[in-house]
Each structure stands twice: as structure tokens, then as C-alpha cells.
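The values are calculated or read from the model by the stated rules, or taken from the named source; none is laboratory data. This structure is a prediction, so every number in the text was calculated from the model and none was measured. Please note: Cβ atoms are built from the backbone with ideal geometry, for glycine as well, and neighbour counts cover all protein chains shown.
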Amino acid sequence: MPVIDLLETSLRDFNSQLHTVGPGANDLHFEVTNPDGSHSVAVGVDQPVTVDVRGSVGYYCAGMNDGATITVHGSAGPGVGENMMSGTVRIKGDASQYAGATGRGGLLVIEGNAASRCGISMKGIDIVVHGSIGHMSAFMAQSGNLVVLGEAGDALGDSLYEARLFVRGPVKSLGADCVKKEMRPEHLELLQGLLDQAGVEGVKPEEITRYGSARKLYNFNIDHADQY
């Protein structure tokens, strides 16, 4: 297993090494030491490699991930997992703003808390947050699932489309067109699968509330003008 010390290897060289991994490569598991809050660690990876980052990272770690398994043994700055396509990104600590923004697929797990705008404009990604999330999370979320085991801040799901939001704790306020919805058997099954994938134990899907779109703002209607 290659060990990449970012005090000795430039981040550009490390990311280039990840981008040149091809089918049949022998080295598929990388360990990164001394990230020291570096930005854009392990971005644009498109092969099924495993990357363990020993420490905290800055902006856009694991952005555009497509198939890799990336674990940050620390916290992450803004935009972790931004525009993910597939694979798994796991943050052992907290995540800053807009985690998983515009994500199209894959699984993002945040074992701590996530700040504001978590999952904005998500387009198919699954996000599981063990802690709480900040305001304006899932703003304009189009599809995918956001699971929060703690609390949610103001304006959850504002201008939501068809993403599904599951929150265990209290929600400070719901955004425009976001409403509480019935938890049907298919949602309980879906949620249990996500909890299992994220390594969550001791939490039952029945303890969690589902939120979704009221579908009143899909098309402009003068009667709803004050809600846009």
C-alpha cells in the first residue's frame, strides 16, 4: 500500500497518481499522511481505489468522485464530495458547508455534524449525517436521499423537488414547499438500507420523520408568488 506524505509529495503529483490508475493496477489502496487542511485532496478519482486520509482536509475533498472509496480520518472543509458520481466518501469528523452539493450518485457519510447547505441541489446522491445539519440544507434538492440522525436548521428542503429527506431530531423550520410526509413501508426499507450502508447502529427507521416536496412550486403560479 503506497503511503503518500503530503509534506514530501505535492498534492498535484498525488492526484495525478490517482488519475493514472488503470484496470489491473497493483496499487489500489493509498494512505495519505499530513494533509494539514489541504484543498482538493483526491478529486476526480474515477477508478475503484481506496484512499485513507489521516487528518483533516480543506475545500472540495473527493469532489467528482466516481467509484473510489475515500475516508477522511478527521474533518472536512466546504464542498466535500461535491458533484459525486459514485463510490463512497466517509468523513470521520465534521463537515463544513455544502457537503455533497450537486451530487449525482454514491454515498457520502458524515459521522459528525454538517454545516449549512448540506446536500444543496443534490441529484441522486445518498447522504447520511450521524449528527446535525445547518440551515438551508437540501435547497433545491432534485433526487436522492438525505438522512440526518440529529437536528436540522432553518429552511430545510427549501424549493425541494423529488429528493427524500429523513430527520430523526427536531427541524427548526421547513423551507418553501417542503412538508412532512407519511413514512410508508418502502421508505422504511429504503432507510434501513441506508443506515446499514452508513454503519449506523441502534437507530430504528420508525424513529425518523420523512419530509418531501408539496409539489406546489414546480411551475410558476401567481397564487403562490409570495412563496418563491
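Taking the range 88-105 as the search range and keeping residues that are assigned to a loop (DSSP other than H, G, I, E, B) and either β-branched (Val, Ile, Thr) or under 9 Å from the mean Cα position of the chain (by Cα) (or both), which one is surrounded by the most Cβ atoms within 10 Å (Cβ to Cβ)?
Within the range 88-105, the match that is surrounded by the most Cβ atoms within 10 Å (Cβ to Cβ) is Gly100.
Going through the range 45-99 one residue at a time, which ones are polar (S, T, N, Q) and either farther than 17 Å from Asn34 by Cβ or in contact with a strand residue (DSSP E or B) (Cβ under 6 Å, 6 or more places away or on another chain) (or both)?
Passing the criteria: Gln47, Thr50, Asn65, Thr69, Thr71, Asn83, Ser86, Thr88, Ser96, Gln97.
Can you spot a residue in the range 147-160 that is more than 18 Å from Thr209 (Cα to Cα) and either of a type in the set (Ser, Thr, Tyr) or touching a Lys or Arg at 6+ places or on another chain (Cβ under 8 Å) (or both)?
Yes; the residues of the range 147-160 include at least one that is more than 18 Å from Thr209 (Cα to Cα) and either of a type in the set (Ser, Thr, Tyr) or touching a Lys or Arg at 6+ places or on another chain (Cβ under 8 Å) (or both).
Looking at Val41 and the list (1) outside any strand (DSSP E or B); (2) touching a strand residue (DSSP E or B) at 6+ places or on another chain (Cβ under 9 Å); (3) modelled with pLDDT of 95 or more; (4) surrounded by fewer than 18 Cβ atoms within 10 Å (Cβ to Cβ), which single condition is not satisfied?
(4) is the only condition that Val41 fails.
Determine if the range 121-133 includes at least one residue that is farther than 19 Å from Val57 by Cβ, touching a Cys at 6+ places or on another chain (Cβ under 7 Å) and of a type in the set (S, T, N, Q).
no
Being closer than 10 Å to Arg164 by Cβ, within 18 Å of the chain's Cα centre (by Cα) and either surrounded by fewer than 11 Cβ atoms within 10 Å (Cβ to Cβ) or of a type in the set (Ser, Thr, Tyr) (or both) is the filter here, so list the residues in the range 187-214 that pass it.
Tyr211
Taking into account only those residues within the range 8-37 that are touching a strand residue (DSSP E or B) at 6+ places or on another chain (Cβ under 8 Å) and of a type in the set (A, V, I, L, M), which is farthest from Asn65 (Cα to Cα)?
By that ranking, first place goes to Val32.
What are the residue pairs meeting all of these: first residue in the range 183-211, first residue free of Cβ contacts under 8 Å to residues at least 12 places away in the same chain, second residue buried (at least 18 other Cβ atoms within 10 Å of the Cβ) and of a type in the set (A, V, I, L, M, F, W, C), Cβ atoms under 9 Å, and 6 or more apart or on different chains?
Glu201/Leu195; Lys204/Leu195
List every residue pair whose Cβ atoms sit under 9 Å apart, with the two residues 6 or more apart in sequence or on different chains, where the first one lies in the range 135-151 and is at pLDDT 95 or above and of a type in the set (Phe, Trp, Tyr) and the second, anywhere, is in a loop (DSSP other than H, G, I, E, B) and surrounded by fewer than 23 Cβ atoms within 10 Å (Cβ to Cβ).
Phe139/Ile120; Phe139/Ser121; Phe139/Ala155; Phe139/Asp158; Phe139/Ser159; Phe139/Gly175
Would you tally the residues in the range 135-178 being among the small types (Gly, Ala, Ser) and touching a helix residue (DSSP H, G or I) at 6+ places or on another chain (Cβ under 8 Å)?
The number of residues fulfilling the criteria is 1.
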